[in-house]
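Structure record follows, encoded as structure tokens.
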Amino acid sequence: MSSLPKLPRSASVRRGLHRHALAVVALLGSVVPSPAAAQSAVRPLVLRAARVLDGTGKVLTNQDVVVERGRIVVVRPARGPLPAGGIDLGARTLLPGFIDTHVHLGWYINGHDRMHTDDDGDTPAVSALAHAGNAWATLRAGFTTVQSIGEADNAALRDAIARGWIPGPRVLTSLGSLNERTRGGSPDSLRAVVRRFKQQGADVIKIFASKSIRDGGEATMSPEQLQAACGEATAQGLRSVVHAHSADAAQRAANAGCTQVEHGVFADNATRTALVQHRTFFDPQCGLVFRNYLDNKRWFEGIGNYNAVGFASMEQALPLAEAGIGLAARTPGLKLVFGTDAVAGAHGRNAEELVCRVRRGKQDPMDAIVSATSRAAESLRLEKEIGRVAAGFAADLIATDGDPSQEIQASQRVSFVMRLGTVYRNDGANATAARRAAGASRQ
């Protein structure tokens with residue numbers, strides 16, 4: 001959506017965030033379940049569901065999904081009594097954990113009700129807690145995998161979650177970004193920067209190829225620069241995700257062989273054709289990021305280009321963004337994926353974007369779900385690991401009150417969350433037990 005605000009980038013600050021990780025764990029332990037305390041499927045655990053959306057567009061009914069050691073081992077028709085320790089999801093809909101391919105877990109609202117910046121006085125411990133809180137809110141909302149792109153300090157959060165220190169979604173991160181001016185902007189210097197990110201442990205390369213929407217969104221990187229950056233990412237075995245609002249910027253990214261284009265507010269038919277031809281994944285936003293800024297101006301106003309002109313530009317972009325979702329969804333062969341650009345104040349509200357894409361962008365509800373599950377997994381090169389309810393896949397599973405393929409708002413009513421076989425949320429368990437107990441007492 002925009003250029004990043006100035007965030008902690010120094011080595012000393014990153015070390016500080018690592019030092020405070022254990023303090024985060026201790027504080028979170030009193031309010032959220034740790035993986036050790038949460039229910040975990042070491043022995044086979046059966047989830048019984050009346051309805052399953054498998055992540056590829058198929059609907060299954062009356063299924064038992066068997067989970068063992070963090071993976072789905074079998075999906076079969078439900079039969080007989082539910083095995084001991086099993087979870088009956090009742091009328092809820094079971095589906096793969098949602099995947100958000102564009103978030104900013106390092107962005108948060110500080111204690112002064114302002115977007116955090118380097119000079120606001122927050123300590124590394126406070127920032128680490130805020131990052132962990134964002135991750136927990138995102139997981140509870142049913143998003144079991146996210147791609148957090150742009151912040152240099154995401155490594156500490158990614159690794160803490162992966163080690164089981166704190167609860168959160170699987171995190172992939174770019175550990176920073178590059179643009180037309182990085183290290184002088186020559187093709188060779190951009191290639192060197194990509195290699196440096198690779199050495200630092202980046203999962204993906206983030207590239208700014210256009211201005212912010214608040215500054216007009218014009219293209220800023222030349223075709224040669226994009227070819228160098230995306231080509232080197234490919235050579236290093238990494239994906240490349242490109243911020244591109246203008247049609248020119250998006251087309252240049254597609255032509256350069258970049259993996260994914262973000263935003264594309266001003267994308268036209270030629271842009272969509274180029275995306276199809278080059279099999280480029282496309283992640284436009286419909287409304288959450290815009291509404292989060294426009295409805296909460298006090299959090300952002302006066303920081304960088306968050307000003308009257310910038311807010312007016314976002315207001316003008318809204319109808320284009322909404323219409324662009326429908327145009328992309330109706331373009332045969334276009335690989336439309338789900339990403340929110342969730343920034344400070346939007347974490348945990350990610351499913352609002354799904355609702356916008358269907359209700360205002362006119363995307364088919366099931367296609368929207370696929371874009372946030374199996375197709376999103378493909379964009380991350382994790383299509384054999386996540387995004388489907390099928391044997392052999394990671395047990396990243398959620399359940400919603402209602403069927404989001406029929407009523408997309410149900411995506412906001414997540415009441416069960418499992419990641420890698422560990423249950424982090426099951427709002428219906430106690431209610432179900434109480435109903436059964438009441439029924440037994442009447443018999």
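The values are calculated or read from the model by the stated rules, or taken from the named source; none is laboratory data. These numbers come from a predicted model, not from an experiment. Backbone-built Cβ (ideal geometry, glycine too); neighbour counts: all protein chains shown. For the accessible areas, the whole protein counts, side chains as well, though only heavy atoms, and no ligand, DNA or RNA atoms are used. Shrake-Rupley method; radii C 1.70, N 1.55, O 1.52, S 1.80 Å.
Of the listed pairs K58/K206; K297/K362; K206/K362; K206/K297; K58/K362; K335/K384, which have alpha-carbon separations greater than 23 Å here? The answer is K58/K206; K297/K362; K206/K362; K206/K297. The accessible surface of the chain, taken with every protein chain in place and a 1.4 Å probe, is 50 percent carbon and sulfur. Net length available on complete extension from E407 to R381 is 6.5 nm, with 0.36 nm assigned per residue and the Cα-Cα distance removed. Per residue, the chain exposes 39 Å² of solvent-accessible protein surface, assessed with a 1.4 angstrom probe and all protein chains in place. Note on R69 and R196: the model spin-label points, each 7 Å out from Cα along the C-beta direction, lie 4.2 nm apart. The spacing between the stretch 182-224 and the stretch 48-120, judged by their C-alpha centroids, is 34 Å. The convex hull around the C-alpha trace of the stretch 113-191, projected and averaged over every direction, spans 6.9 square nanometres. Classify the stretch 171-236 as rounded, prolate or oblate from the Cα gyration tensor: take a ≥ b ≥ c as the square roots of its eigenvalues, call it rounded if a/c is under 1.5, otherwise prolate when a/b beats b/c and oblate if not. Oblate, since a/c reaches 1.5 and b/c is not below a/b.
Taken about its Cα centre, the chain carries a charge dipole of about 1240 debye when Lys and Arg each add +1 at the Cβ and Asp and Glu each add -1 at the Cβ. Only Cα pairs under 8 Å and 6+ residues apart enter the sum, and on that basis the relative contact order of the stretch 287-359 stands at 50 percent.
Of the residues Q285, A267, L238, the one whose Cα sits farthest toward the positive end of the charge dipole of the stretch 197-288, with +1 on the Cβ of Lys and Arg and -1 on the Cβ of Asp and Glu, is L238. Just check the stretch 282-441 against the gyration tensor rule for me: Cα atoms, a ≥ b ≥ c as the square roots of the eigenvalues, rounded for a/c under 1.5, and otherwise prolate or oblate depending on whether a/b exceeds b/c. Prolate, because a/c is 1.5 or more and a/b exceeds b/c. Can you grab the distance from the C-alpha centre of the stretch 270-332 to the C-alpha centre of the stretch 354-427, Å, no decimals? Distance between centres, Cα-based: 22 Å.
Each residue of the stretch 45-52 was assigned a 3J(HN,Hα) from its phi angle through the Karplus expression (A = 6.51, B = -1.76, C = 1.60, θ = phi - 60°), giving 10, 9, 9, 9, 10, 6, 9, 10 Hz with x at Gly and Pro. Once Rg and the Kirkwood radius are both taken over the C-alpha atoms of the chain, their ratio Rg/Rh works out to 0.97.
Note on R43 and Q316: the extension gain reaches 92.9 nm, defined as 0.36 nm multiplied by sequence separation minus the Cα-Cα distance.
With a Förster radius of 22 Å, plug the Cβ-Cβ distance of E224 and R181 into 1/(1 + (r/R0)^6) and report the FRET value to the nearest 0.05. Given R0 = 22 Å and the Cβ-Cβ separation, E is 0.90.
Suppose the Debye formula is applied to equal point scatterers at every Cα of the stretch 314-356; what is log10 I(q)/I(0) at q = 0.15, 0.21, 0.32 Å⁻¹? Here log10 of I(q) over I(0) equals -0.45, -0.83, -1.16. The tail of the calculated P(r) for the stretch 193-351, taken as Cα-Cα distances beyond 18 Å, holds 59 percent of the pairs. When the chain is described by a simple charge dipole with +1 on each Lys and Arg Cβ and -1 on each Asp and Glu Cβ, the residue from Q412, A342, L94 located farthest towards its positive end is L94. Per-residue ellipticity at 222 nm from helix content only, as computed over the chain with -39500 (n - 2.57) for each DSSP H run of at least four residues, stands at -10500 deg cm²/dmol. Of all complete DSSP H helices in the chain, those with a Cα span along the helix axis of 15 Å or greater and a mean Kyte-Doolittle hydropathy of 1.0 or more are 308-329. Comparing mean-square fluctuations of A376, A351, A329 from a GNM of the chain with C-alpha springs under 10 Å, the top value falls on A329. Using bins of 10 Å that start at zero, the share of Cα-Cα pairs per bin across the stretch 329-422 amounts to 16, 45, 35, 4, in whole %. Pairs of Cα atoms nearer than 8 Å and 6+ residues apart set the relative contact order; for the chain it is 20 percent.
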